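Taking it in order: structure first as C-alpha coordinates, then the write-up.
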Amino acid sequence: MSSRISLTRYLVEKQRVDGHIPGQLRLLLEVVARACKRISFEVNKGDLGHVMGSAGSQNVQGEVQKKLDIIANEVLIEANEWGGHLAAMASEEMEGIYVVPNRYPQGEYLLLFDPLDGSSNIDVNVSIGTIFSVLKMPDDASGVSEKDFLQSGRHQVAAGYCVYGPQTTLVLTVGDGVHVFTLDREQGSFVLTQENLRIPEDTKEFAINMSNMRHWDSPVRRYIGECLAGKEGPRGKDFNMRWIASMVADVHRILMRGGVFMYPWDKREPNKPGKLRLMYEANPMSWLVEQAGGAATNGRQRILEVQPTQLHERVSVILGSRNEVERVTQYHLEAGSAT
Ligand code: P6P
(Lines give C-alpha, C1' and ligand atoms only; values in the text may rest on other atoms or scores of the structure.)
Protein backbone atom coordinates (compact mmCIF):
# COMPACT_ATOMS: atom_id res chain seq x y z
CA MET A 1 0.00 0.00 0.00
CA SER A 2 1.43 3.42 -0.94
CA SER A 3 2.58 5.30 2.15
CA ARG A 4 0.02 7.92 3.04
CA ILE A 5 0.90 11.60 3.46
CA SER A 6 1.04 12.67 7.11
CA LEU A 7 -0.63 15.86 8.33
CA THR A 8 2.82 17.27 9.04
CA ARG A 9 3.99 16.65 5.46
CA TYR A 10 0.74 18.07 4.06
CA LEU A 11 1.16 21.27 6.09
CA VAL A 12 4.89 21.60 5.29
CA GLU A 13 4.09 21.31 1.59
CA LYS A 14 1.25 23.84 1.91
CA GLN A 15 3.77 26.17 3.54
CA ARG A 16 6.85 25.50 1.40
CA VAL A 17 5.49 24.50 -2.00
CA ASP A 18 2.24 26.46 -2.25
CA GLY A 19 3.33 29.27 0.06
CA HIS A 20 -0.28 29.03 1.13
CA ILE A 21 0.27 29.09 4.87
CA PRO A 22 2.94 30.85 6.96
CA GLY A 23 5.22 28.77 9.19
CA GLN A 24 3.56 30.01 12.37
CA LEU A 25 0.12 28.87 11.15
CA ARG A 26 1.54 25.48 10.18
CA LEU A 27 2.97 25.15 13.70
CA LEU A 28 -0.35 26.14 15.24
CA LEU A 29 -2.29 23.55 13.24
CA GLU A 30 0.18 20.80 14.14
CA VAL A 31 -0.15 21.68 17.84
CA VAL A 32 -3.95 21.68 17.65
CA ALA A 33 -3.85 18.27 15.94
CA ARG A 34 -1.58 16.89 18.69
CA ALA A 35 -3.98 18.25 21.31
CA CYS A 36 -6.91 16.56 19.54
CA LYS A 37 -4.98 13.29 19.50
CA ARG A 38 -4.49 13.61 23.29
CA ILE A 39 -8.21 14.39 23.77
CA SER A 40 -9.08 11.36 21.65
CA PHE A 41 -7.04 9.12 23.93
CA GLU A 42 -8.82 10.54 27.00
CA VAL A 43 -12.28 10.20 25.40
CA ASN A 44 -11.58 6.63 24.31
CA LYS A 45 -10.78 5.54 27.88
CA GLY A 46 -14.45 5.95 28.85
CA ASP A 47 -15.18 4.56 32.30
CA LEU A 48 -11.69 3.08 32.46
CA GLY A 49 -10.26 6.58 32.69
CA HIS A 50 -12.38 7.98 35.53
CA VAL A 51 -13.21 10.90 33.20
CA MET A 52 -16.91 10.27 32.67
CA GLY A 53 -19.84 12.11 34.18
CA SER A 54 -20.38 15.64 35.40
CA ALA A 55 -17.70 17.87 36.84
CA GLY A 56 -20.28 19.38 39.18
CA SER A 57 -19.81 22.86 37.69
CA GLN A 58 -21.40 25.06 35.00
CA ASN A 59 -19.74 26.82 32.08
CA VAL A 60 -20.30 30.39 30.95
CA GLN A 61 -23.27 29.15 28.92
CA GLY A 62 -24.91 27.88 32.11
CA GLU A 63 -24.48 24.29 30.91
CA VAL A 64 -23.38 21.49 33.23
CA GLN A 65 -19.73 20.77 32.53
CA LYS A 66 -18.60 17.20 32.00
CA LYS A 67 -15.21 16.20 33.35
CA LEU A 68 -14.05 15.70 29.76
CA ASP A 69 -15.16 19.24 28.82
CA ILE A 70 -12.68 20.60 31.36
CA ILE A 71 -9.94 18.11 30.45
CA ALA A 72 -10.26 18.93 26.73
CA ASN A 73 -10.15 22.66 27.45
CA GLU A 74 -7.01 22.28 29.59
CA VAL A 75 -5.30 20.09 26.97
CA LEU A 76 -5.87 22.74 24.27
CA ILE A 77 -4.69 25.61 26.50
CA GLU A 78 -1.56 23.78 27.72
CA ALA A 79 -0.63 22.57 24.24
CA ASN A 80 -0.93 26.00 22.62
CA GLU A 81 0.21 28.58 25.17
CA TRP A 82 4.01 28.12 24.93
CA GLY A 83 4.56 27.73 21.15
CA GLY A 84 4.91 31.42 20.28
CA HIS A 85 2.27 31.28 17.51
CA LEU A 86 -0.69 32.62 19.51
CA ALA A 87 -1.62 35.95 21.09
CA ALA A 88 -4.69 34.56 22.87
CA MET A 89 -7.35 31.85 22.93
CA ALA A 90 -11.13 31.79 23.46
CA SER A 91 -13.18 28.76 24.48
CA GLU A 92 -16.81 27.85 24.98
CA GLU A 93 -15.73 26.73 28.45
CA MET A 94 -14.20 30.07 29.51
CA GLU A 95 -16.03 33.41 29.98
CA GLY A 96 -13.14 35.63 28.96
CA ILE A 97 -10.22 35.27 26.57
CA TYR A 98 -7.02 33.52 27.66
CA VAL A 99 -4.05 35.78 26.88
CA VAL A 100 -0.75 33.93 26.41
CA PRO A 101 1.24 34.47 29.65
CA ASN A 102 4.19 36.90 29.45
CA ARG A 103 6.64 34.06 30.17
CA TYR A 104 5.93 32.78 26.67
CA PRO A 105 6.49 34.52 23.29
CA GLN A 106 3.36 36.09 21.80
CA GLY A 107 2.32 35.23 18.24
CA GLU A 108 -0.06 36.82 15.72
CA TYR A 109 -2.88 34.25 15.75
CA LEU A 110 -6.07 33.92 17.75
CA LEU A 111 -7.40 30.41 18.41
CA LEU A 112 -11.07 29.82 19.25
CA PHE A 113 -12.53 26.45 20.12
CA ASP A 114 -15.35 24.39 21.49
CA PRO A 115 -13.11 21.84 23.20
CA LEU A 116 -15.68 19.05 23.33
CA ASP A 117 -18.85 19.65 21.38
CA GLY A 118 -21.80 17.35 21.95
CA SER A 119 -20.62 16.46 25.44
CA SER A 120 -24.14 15.35 26.44
CA ASN A 121 -23.31 12.31 24.28
CA ILE A 122 -20.13 11.39 26.17
CA ASP A 123 -21.80 9.14 28.76
CA VAL A 124 -23.72 7.20 26.08
CA ASN A 125 -20.73 6.55 23.81
CA VAL A 126 -21.93 8.64 20.85
CA SER A 127 -19.49 10.60 18.66
CA ILE A 128 -18.33 14.01 19.98
CA GLY A 129 -15.67 16.39 18.80
CA THR A 130 -13.44 19.44 19.05
CA ILE A 131 -14.21 22.44 16.81
CA PHE A 132 -11.59 25.15 16.17
CA SER A 133 -11.25 28.41 14.29
CA VAL A 134 -8.14 30.55 13.66
CA LEU A 135 -8.10 34.32 13.16
CA LYS A 136 -5.21 36.76 12.84
CA MET A 137 -4.61 39.59 15.23
CA PRO A 138 -5.78 42.87 13.64
CA ASP A 139 -2.77 44.75 12.21
CA ASP A 140 -3.49 47.88 14.25
CA ALA A 141 -3.90 46.01 17.55
CA SER A 142 -1.87 47.23 20.50
CA GLY A 143 -2.06 44.42 23.01
CA VAL A 144 -4.74 41.73 22.73
CA SER A 145 -8.29 42.07 24.02
CA GLU A 146 -11.68 40.47 23.43
CA LYS A 147 -12.55 42.97 20.70
CA ASP A 148 -9.71 41.56 18.54
CA PHE A 149 -11.68 38.30 18.36
CA LEU A 150 -14.85 40.01 17.10
CA GLN A 151 -14.16 39.42 13.41
CA SER A 152 -16.68 37.96 10.96
CA GLY A 153 -16.14 34.36 9.89
CA ARG A 154 -14.86 35.30 6.43
CA HIS A 155 -11.65 36.49 8.15
CA GLN A 156 -10.75 32.96 9.35
CA VAL A 157 -7.36 31.71 8.14
CA ALA A 158 -7.96 28.09 9.21
CA ALA A 159 -10.90 26.09 10.55
CA GLY A 160 -11.59 22.49 11.38
CA TYR A 161 -12.84 19.87 13.74
CA CYS A 162 -11.77 16.52 15.11
CA VAL A 163 -14.54 13.95 15.48
CA TYR A 164 -14.00 11.25 18.14
CA GLY A 165 -16.06 8.41 16.71
CA PRO A 166 -15.38 4.94 15.31
CA GLN A 167 -12.37 6.69 13.77
CA THR A 168 -10.67 9.83 15.08
CA THR A 169 -10.78 12.15 12.08
CA LEU A 170 -9.42 15.67 11.66
CA VAL A 171 -11.18 17.74 8.97
CA LEU A 172 -9.38 20.95 8.00
CA THR A 173 -9.45 23.89 5.63
CA VAL A 174 -6.92 26.70 5.17
CA GLY A 175 -8.97 28.15 2.32
CA ASP A 176 -8.08 25.74 -0.49
CA GLY A 177 -10.66 23.00 -0.05
CA VAL A 178 -11.52 20.58 2.74
CA HIS A 179 -9.23 17.67 3.53
CA VAL A 180 -9.59 14.69 5.88
CA PHE A 181 -6.87 13.19 8.11
CA THR A 182 -7.48 9.95 9.98
CA LEU A 183 -5.57 9.11 13.18
CA ASP A 184 -3.32 6.10 12.58
CA ARG A 185 -3.09 4.79 16.13
CA GLU A 186 -0.19 2.48 15.28
CA GLN A 187 1.94 5.41 14.09
CA GLY A 188 0.28 7.87 16.49
CA SER A 189 -0.16 10.44 13.71
CA PHE A 190 -2.87 11.85 11.45
CA VAL A 191 -2.62 10.75 7.79
CA LEU A 192 -4.35 12.21 4.74
CA THR A 193 -7.29 9.98 3.77
CA GLN A 194 -9.54 12.23 1.64
CA GLU A 195 -8.90 15.47 -0.31
CA ASN A 196 -11.21 18.17 -1.64
CA LEU A 197 -14.52 17.02 -0.17
CA ARG A 198 -17.56 18.11 -2.19
CA ILE A 199 -21.08 18.31 -0.73
CA PRO A 200 -23.78 17.27 -3.27
CA GLU A 201 -25.95 20.30 -4.12
CA ASP A 202 -29.14 18.28 -3.56
CA THR A 203 -30.08 15.88 -0.80
CA LYS A 204 -32.83 13.74 0.66
CA GLU A 205 -31.60 13.97 4.25
CA PHE A 206 -32.31 16.65 6.85
CA ALA A 207 -30.99 17.06 10.39
CA ILE A 208 -33.01 18.99 12.97
CA ASN A 209 -34.31 18.40 16.51
CA MET A 210 -37.95 17.65 15.59
CA SER A 211 -39.11 17.93 19.22
CA ASN A 212 -38.82 21.73 18.83
CA MET A 213 -41.21 21.89 15.84
CA ARG A 214 -43.96 23.80 17.68
CA HIS A 215 -41.42 26.52 18.54
CA TRP A 216 -40.07 27.14 15.03
CA ASP A 217 -40.70 30.15 12.84
CA SER A 218 -42.97 29.64 9.81
CA PRO A 219 -40.25 29.29 7.11
CA VAL A 220 -38.67 26.34 8.97
CA ARG A 221 -42.06 24.74 9.59
CA ARG A 222 -42.82 25.17 5.86
CA TYR A 223 -39.53 23.62 4.75
CA ILE A 224 -39.65 20.66 7.15
CA GLY A 225 -43.37 20.16 6.43
CA GLU A 226 -42.53 19.79 2.73
CA CYS A 227 -39.77 17.29 3.54
CA LEU A 228 -42.23 15.25 5.66
CA ALA A 229 -44.84 15.36 2.88
CA GLY A 230 -42.42 13.32 0.77
CA LYS A 231 -43.06 12.40 -2.86
CA GLU A 232 -46.80 13.11 -2.52
CA GLY A 233 -45.92 16.67 -1.49
CA PRO A 234 -44.50 19.71 -3.32
CA ARG A 235 -40.94 18.36 -3.24
CA GLY A 236 -41.94 15.21 -5.16
CA LYS A 237 -39.41 13.07 -3.28
CA ASP A 238 -39.14 11.31 0.06
CA PHE A 239 -36.71 12.60 2.70
CA ASN A 240 -34.91 10.86 5.56
CA MET A 241 -34.06 12.41 8.94
CA ARG A 242 -30.88 12.11 10.99
CA TRP A 243 -30.18 13.88 14.32
CA ILE A 244 -27.13 12.85 16.37
CA ALA A 245 -27.35 15.92 18.64
CA SER A 246 -23.62 16.36 18.19
CA MET A 247 -22.94 19.11 15.65
CA VAL A 248 -19.53 17.70 14.75
CA ALA A 249 -21.03 14.30 13.87
CA ASP A 250 -24.01 15.76 11.99
CA VAL A 251 -21.80 18.15 9.98
CA HIS A 252 -19.28 15.37 9.28
CA ARG A 253 -22.06 13.23 7.78
CA ILE A 254 -23.12 16.17 5.59
CA LEU A 255 -19.53 16.74 4.41
CA MET A 256 -19.29 13.03 3.59
CA ARG A 257 -22.65 12.49 1.80
CA GLY A 258 -24.68 15.71 1.75
CA GLY A 259 -27.72 16.82 3.74
CA VAL A 260 -29.01 19.92 5.45
CA PHE A 261 -28.43 20.73 9.15
CA MET A 262 -30.64 23.21 10.96
CA TYR A 263 -30.61 24.66 14.45
CA PRO A 264 -32.94 27.62 13.82
CA TRP A 265 -34.21 30.42 16.00
CA ASP A 266 -37.22 29.36 18.02
CA LYS A 267 -39.70 31.15 20.22
CA ARG A 268 -38.59 29.49 23.48
CA GLU A 269 -35.93 32.21 23.80
CA PRO A 270 -37.08 34.90 21.33
CA ASN A 271 -34.23 37.25 22.24
CA LYS A 272 -31.59 34.64 21.35
CA PRO A 273 -30.97 34.22 17.60
CA GLY A 274 -30.34 30.47 18.07
CA LYS A 275 -28.67 27.87 20.29
CA LEU A 276 -25.33 27.42 18.56
CA ARG A 277 -22.37 29.77 19.08
CA LEU A 278 -21.19 31.90 16.21
CA MET A 279 -17.45 32.22 16.85
CA TYR A 280 -16.38 28.64 17.59
CA GLU A 281 -19.19 26.46 16.22
CA ALA A 282 -21.07 28.13 13.34
CA ASN A 283 -18.16 30.07 11.77
CA PRO A 284 -15.68 27.18 11.45
CA MET A 285 -18.38 24.74 10.31
CA SER A 286 -19.76 27.27 7.81
CA TRP A 287 -16.35 27.88 6.24
CA LEU A 288 -15.74 24.14 5.93
CA VAL A 289 -19.18 23.66 4.33
CA GLU A 290 -18.65 26.54 1.87
CA GLN A 291 -15.15 25.30 1.02
CA ALA A 292 -16.77 21.94 0.14
CA GLY A 293 -19.29 23.61 -2.19
CA GLY A 294 -22.16 23.87 0.30
CA ALA A 295 -23.86 26.91 1.82
CA ALA A 296 -24.43 28.25 5.35
CA THR A 297 -26.83 31.02 6.38
CA ASN A 298 -28.67 32.23 9.46
CA GLY A 299 -31.88 32.32 7.39
CA ARG A 300 -31.11 35.79 6.14
CA GLN A 301 -27.39 36.14 5.33
CA ARG A 302 -24.19 34.10 5.00
CA ILE A 303 -23.07 33.12 8.48
CA LEU A 304 -19.52 34.11 7.49
CA GLU A 305 -20.72 37.69 7.03
CA VAL A 306 -22.37 38.04 10.46
CA GLN A 307 -20.49 40.73 12.40
CA PRO A 308 -20.04 39.48 15.98
CA THR A 309 -20.64 41.86 18.90
CA GLN A 310 -19.97 39.38 21.71
CA LEU A 311 -17.53 36.49 22.09
CA HIS A 312 -20.18 33.91 23.02
CA GLU A 313 -23.01 35.16 20.87
CA ARG A 314 -25.35 32.65 19.31
CA VAL A 315 -26.69 32.34 15.79
CA SER A 316 -29.36 30.48 13.86
CA VAL A 317 -27.72 27.84 11.64
CA ILE A 318 -28.86 26.38 8.31
CA LEU A 319 -26.01 24.66 6.46
CA GLY A 320 -25.24 21.88 3.98
CA SER A 321 -26.34 21.04 0.44
CA ARG A 322 -26.45 24.35 -1.40
CA ASN A 323 -29.86 23.99 -3.10
CA GLU A 324 -31.59 23.06 0.16
CA VAL A 325 -29.97 25.88 2.17
CA GLU A 326 -30.94 28.36 -0.55
CA ARG A 327 -34.53 27.05 -0.47
CA VAL A 328 -34.83 27.50 3.34
CA THR A 329 -33.21 30.94 3.10
CA GLN A 330 -35.64 31.93 0.33
CA TYR A 331 -38.58 30.86 2.52
CA HIS A 332 -37.21 33.14 5.28
CA LEU A 333 -36.87 36.06 2.87
CA GLU A 334 -40.42 35.48 1.54
CA ALA A 335 -41.74 35.47 5.12
CA GLY A 336 -39.66 38.56 5.94
CA SER A 337 -38.73 36.83 9.17
CA ALA A 338 -35.88 38.02 11.35
CA THR A 339 -33.75 35.22 12.79
P1 P6P B 1 -30.28 19.51 21.23
C2 P6P B 1 -24.46 19.96 21.59
O3 P6P B 1 -24.87 20.30 22.90
C4 P6P B 1 -24.91 21.07 20.67
O5 P6P B 1 -24.32 22.27 21.02
C6 P6P B 1 -24.58 20.69 19.23
O7 P6P B 1 -23.43 19.92 19.13
C8 P6P B 1 -25.81 19.93 18.77
O9 P6P B 1 -26.04 20.04 17.38
C10 P6P B 1 -26.94 20.58 19.57
O11 P6P B 1 -26.33 21.19 20.72
C12 P6P B 1 -27.95 19.56 20.03
O13 P6P B 1 -28.99 20.30 20.64
O14 P6P B 1 -31.25 20.62 21.55
O15 P6P B 1 -30.79 18.60 20.14
O16 P6P B 1 -29.79 18.74 22.43
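Go through the residues of segment 246-255 one by one and say whether even a single one is of a type outside the set (A, V, I, L, M), open to solvent by 40 Å² or more (accessible area, probe 1.4 Å) and either in a strand (DSSP E or B) or within 13 Å of the ligand (Cβ to nearest atom) (or both). Write out each step before concluding.
Taking segment 246-255 and keeping what is of a type outside the set (A, V, I, L, M), we get 246, 250, 252-253.
Restricting the remaining residues to those that are open to solvent by 40 Å² or more (accessible area, probe 1.4 Å) gives none.
No; the residues of segment 246-255 include none that is of a type outside the set (A, V, I, L, M), open to solvent by 40 Å² or more (accessible area, probe 1.4 Å) and either in a strand (DSSP E or B) or within 13 Å of the ligand (Cβ to nearest atom) (or both).
Just the residues that are away from the ligand (no atom under 16 Å from the Cβ) and either within 18 Å of the chain's Cα centre (by Cα) or under 17 Å from Met279 (Cβ atoms) (or both), please, taken from segment 106-140.
Tyr109, Leu110, Leu111, Val134, Leu135, Lys136, Met137, Pro138
Say we look at segment 261-287 and pick out the residues that are within 13 Å of the ligand (Cβ to nearest atom) and among the aliphatic types (A, V, I, L, M); which of these is surrounded by the fewest Cβ atoms within 10 Å (Cβ to Cβ)?
Filtering segment 261-287 for residues that are within 13 Å of the ligand (Cβ to nearest atom) and among the aliphatic types (A, V, I, L, M), the one surrounded by the fewest Cβ atoms within 10 Å (Cβ to Cβ) comes out as Leu276.
Out of the residues in segment 20-33 that are out of contact with any Phe, Trp or Tyr (no Cβ under 9 Å at 6 or more places or on another chain) and open to solvent by 30 Å² or more (accessible area, probe 1.4 Å), which is nearest to Leu76 (Cα to Cα)?
My answer is Leu27.
I'd like the full set of residues that are open to solvent by 70 Å² or more (accessible area, probe 1.4 Å) and of a type in the set (S, T, N, Q), limited to segment 43-54.
At the first step, the residues of segment 43-54 found to be open to solvent by 70 Å² or more (accessible area, probe 1.4 Å) are 44-45, 47-48, 50.
Passing the criteria: only Asn44.
Looking at (1) more than 20 Å from Thr168 (Cβ to Cβ); (2) of a type in the set (Ser, Thr, Tyr); (3) buried (at least 19 other Cβ atoms within 10 Å of the Cβ), can you tell me which one Ser57 breaks?
With (1) more than 20 Å from Thr168 (Cβ to Cβ); (2) of a type in the set (Ser, Thr, Tyr); (3) buried (at least 19 other Cβ atoms within 10 Å of the Cβ) applied to Ser57, the lone miss is (3).
Name every residue in segment 70-106 that is touching a Pro at 6+ places or on another chain (Cβ under 8 Å) and in a helix (DSSP H, G or I), in order of residue number.
Hits for segment 70-106 are Ala72, Asn73, Val75, Leu76.
For Gly293, state whether it is surrounded by fewer than 20 Cβ atoms within 10 Å (Cβ to Cβ) and assigned to a loop (DSSP other than H, G, I, E, B).
On the way: surrounded by fewer than 20 Cβ atoms within 10 Å (Cβ to Cβ): yes; assigned to a loop (DSSP other than H, G, I, E, B): yes.
For Gly293, the condition - surrounded by fewer than 20 Cβ atoms within 10 Å (Cβ to Cβ) and assigned to a loop (DSSP other than H, G, I, E, B) - is met.
The values are calculated or read from the model by the stated rules, or taken from the named source; none is laboratory data. From a predicted model like this one, the values you see are computed outputs, not experimental measurements. Note that we place each Cβ from the backbone using ideal geometry, even for glycine, and neighbour counts take in every protein chain shown. The accessibility values were calculated without ligands, DNA or RNA, using every heavy atom of the protein model including side chains. Shrake-Rupley method; radii C 1.70, N 1.55, O 1.52, S 1.80 Å.
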